[in-house]
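Below: the structure, in structure tokens.
Please treat every number below as a calculation from the coordinates, not as lab data. Small disclaimer: the values here were computed from a predicted structure and weren't measured. So basically every Cβ, Gly included, is an ideal-geometry build from the backbone, and we count neighbours across all protein chains shown.
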Amino acid sequence: MKWSDHHKPIIGYVKPLYGFYKPDEASLPKPKAFLNKGYRNLAYIIHSYLTRTEQTVIKTDGASKTYRWWRGVGEGSEYWRGLGLPPFNIGFGGSSAPHDVTRYQLISPYFDTAPAFHYLVEETDRTIVRIYSRYAAGIGFEIGEAGLYYFGWGTGRYLLARAIVSPAISRSPATVYEDGWDLIFPAGWTRWFVRVFFAAYDGGSTTNVGEAVRRTDGTTIVIRNHADHAFRGEADVVIGRDNTPPTPEDFRVRNPIASLSSQAQSVEIDTTFQECRVVRTGTYTPSTTETLGEVGLTTRGIGTDGATHTYLVARAVFDPPITLEAGVTYTIGIALRLG
């Protein structure tokens, strides 16, 4: 397929990250599940890690805070945990109004959030961040909305995703409940990225402990857990010819052509489609006619060997492939969507 408008970017859209709030997860064999949407704070946190830059996140009270890729949200000289190490929190509200991904708090929150912990479930076609919370409240309430939060030690709560709960669910006072939340990374997101992203915390061993990752040459190495080592701010968009559907274990574009020139990365908050995206683009001018079948996003991290390694974050394919004409400059990119 020829690209009809050379001035229009060619964007490879990775299958959206999605998730579910799961009330009564532990007590029911097949719990109900309510689809979530990723909100603005989550997009800016991903953007912070991949660009190794400070980004603004918004606390539930509306205050702007700085998310630092190496320590999460911090005040002054104090260091607080990043997203990778819990705390996740789950919160509840009464409104079932439609989504607004620009929000930083539930529409009608009841009270402080319930603490939670997480672990990874790695399947053949997806990687799941499974989150569990056990709590009791001093009052009865009706859940019309649920929120997944990052809890910054000493700084407050930051909404990452929201689910509409319809019909509403009743909660009784002084009763123990066990709820869950699944964040699901489809096949276009590599499990190497998910492993590193959810272990990229401040503290822990910075020399000998980390996450097993296949780098782009196929070798398995260990990327250190410390966030400043896990993400070195050297993201790169690479294009290739193969359009075999992505898998979570992809470690490179399968038939590489080149890395793009003049790259830039940004966050898109789309209020028409209610979707947040992290988009990285660049340019490419082929010297001969080329077939564009895939686009990948890589980043770099420091391993336990002290060396810097490149690993794949995500891969998207074009079906049908796109014919790139010789001598024409194209803008090409990849979009990480938050469902």
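Listing for the model above:
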item	result
Ascending count of other beta-carbon atoms within 10 Å, so fewest first, for Asp236, Asp112	Asp112, Asp236
Taking Tyr104, Tyr150 and counting other C-beta atoms within 10 Å, the order from fewest to most	Tyr104, Tyr150
Two-site FRET efficiency, Arg241 against Leu35, from Cβ-Cβ distance with R₀ of 41 Å, rounded to 0.05	0.70
Residues Tyr13, Tyr39 arranged by fewest to most Cβ contacts within 10 Å	Tyr13, Tyr39
Dipole magnitude of region 206-337, debye to nearest 20 (Cβ charges: Lys/Arg +1, Asp/Glu -1, about Cα centre)	220 debye
Nearby aspartates and glutamates by direct alpha-carbon distance to Lys22 (threshold 18 angstrom, same-chain neighbours under 8 apart not counted)	Glu142, Glu145, Glu178, Asp179, Asp182
Among 330-336, 252-258, 47-53, the order from most to least packed when residues are scored by Cβ within 10 Å on average	330-336, 47-53, 252-258
Dipole moment magnitude, nearest 20 debye, region 89-165 about Cα centre, only Lys, Arg, Asp, Glu C-beta charged	160 debye
Residue (of Ala258, Ala43, Pro9) at the positive-pole extreme of the chain, dipole from beta-carbon charges	Ala43
Cβ charges +1 (Lys, Arg) and -1 (Asp, Glu), total dipole of the chain, debye	100 debye
Dipole of region 206-337, positive direction: furthest Cα of Gly218, Leu297, Gly327, with charges on the beta-carbon	Gly218
Most fluctuating residue given options Ala230, Ala161, Ala97, as computed from a GNM of the chain linking Cα atoms under 10 Å	Ala97
